[in-house]
Amino acid sequence: MSSAGKAARAIVWLAVFVGVTIAMVVIRDRLDRVHVTLAYLLLVQLASARAGRALGVTLAIMSFLAFNFFFLRPYGTLAVASPLDWLVLVAFLITSVVSAQLLYRARALGAERERLSAASDRAQTLEQSIRMKDETLAMVSHDLRTPLTTIKGLAHEIAANGDERADVIEEEADRLNAFVGKLLDLSRVTMGTGALDIQPNEAEDLLGAAAQQAQAFSGGHELGFQVEPSDSMLFGRFDFVQTLRVLVNLIENAAKYSPAGAPIDVGARRVGQELRFWVADRGPGIADAERERIFEPFYRRRVGDADMAGAGLGLSIAKGIAEAQGGQLTCAPRDGGGSVFTLSVPAIDLPRDDASADDSGAS
């Protein structure tokens, strides 16, 4: 409320106070102290509830003075003849101020409760909207699979008759089919319906599988794989197939954004209770403002004056897979230029049995 509005409201309540006081003064010979106390308390409470604590406390003090001046003998002075009257006045003042304070807090709590209730309603509506969006996305993506399969089959038949345009149709159908597959994966991740086979797996096995798949799209980049030494074997609990998919996606992105011939480093290390896989590139890097947005669905980075090719789904799917198995996916700047993507999964403690290995070798 504006200052003018508050001032107008205060004037109204002061006028009410004056009116109530005059009315009681006219008939004070027929009033008991209890009647005066109740009238002023009611006025203070109503003002506190409607106009706030400050006005309520102000009216409580004014009521205290008016009570003494107009309704306690001798009238017209602030002198108090009886010690019992002092008790009445002090009790009235304390009760008025406390009631004003309590009503102010009750009013504030009521406003906060309404705000939280409205926020909860908005959150529920947003959650339902997101859920409906994910379900619609899943249904549409699933329904597109059948016509795409038909189109590809027809294109294959047309290609058999020597029409070169059929190859273009088939390629575009494959590209669209891959996009639909990513949409389905995204819907499964966001809805939590994707089944994961979380088992104990070794870091070196995952890096070896990633190295084999990455050769197909390395594009002349030198891929370096390493496992940092550790007191325990590098084992973690994760879905091997899905985690391999995340790691390969990170390597593919590094190859896409890095200059030709720039090296890409991939490795694994144990940090506390986490097994961390990293992919480090020498690309243009990612601005601070973009570092969180790159994990949003359909967000595509701009490099120079152009958007990079792709649907902008890979990183959001990768992040969802990481979090679904108790891990996380982060991005940080790399010293000397470039970016470092780190995939973390829960680690498993499996000490190295060096003594057993030495004994077996000696025998």
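Between a residue in segment 302-327 that is closer than 27 Å to LEU275 by Cα and among the aliphatic types (A, V, I, L, M) and any residue that is at pLDDT 85 or above and in a strand (DSSP E or B), which pairs come within a Cβ distance under 7 Å, given they are 6 or more apart or on different chains? So the pair list comes out as ALA318/LEU329; ALA322/GLN328; ALA322/LEU329; ALA322/LEU343.
Just one of the listed residues (ARG50, ARG73, ARG9) is surrounded by 11 or more Cβ atoms within 10 Å (Cβ to Cβ), assigned by TED's automatic domain parsing to the domain that holds VAL98 and assigned to a loop (DSSP other than H, G, I, E, B), namely ARG73. For segment 235-252, the criterion of being surrounded by fewer than 19 Cβ atoms within 10 Å (Cβ to Cβ) and farther than 24 Å from GLU323 by Cβ is satisfied by no residue at all.
Within segment 23-35, residues that are touching a residue at least 60 places away in the same chain (Cβ under 8 Å) and assigned by TED's automatic domain parsing to the domain that holds ALA66 reach no partner that is surrounded by 10 or more Cβ atoms within 10 Å (Cβ to Cβ) and assigned to a loop (DSSP other than H, G, I, E, B) with beta carbons closer than 8 Å at six or more positions or on different chains.
Can we say ARG113 is among the charged types (D, E, K, R), assigned to a helix (DSSP H, G or I) and surrounded by 11 or more Cβ atoms within 10 Å (Cβ to Cβ)? Answer is no for this residue.
When segment 291-315 is filtered for residues that are modelled with pLDDT under 85, closer than 27 Å to PRO346 by Cα and outside any loop (DSSP other than H, G, I, E, B), only GLY314 remains. Remark: pairs (first residue in segment 145-156, surrounded by 14 or more Cβ atoms within 10 Å (Cβ to Cβ) and part of a helix (DSSP H, G or I); second residue acidic (Asp, Glu) and at pLDDT 75 or above; Cβ separation under 6 Å; 6+ apart in sequence or on different chains) = LYS152/GLU170; ALA155/GLU170.
Restricting MET24, MET62 to those that are surrounded by 14 or more Cβ atoms within 10 Å (Cβ to Cβ), over 30 Å from GLY110 (Cα atoms) and aliphatic (A, V, I, L, M) reduces the list to MET24.
The values are calculated or read from the model by the stated rules, or taken from the named source; none is laboratory data. Only a predicted model underlies this, so the values are computations on that prediction, with no experimental measurement involved. For neighbour counting, all protein chains shown are included, and Cβ atoms are generated from backbone atoms with ideal geometry for every residue, glycine included.
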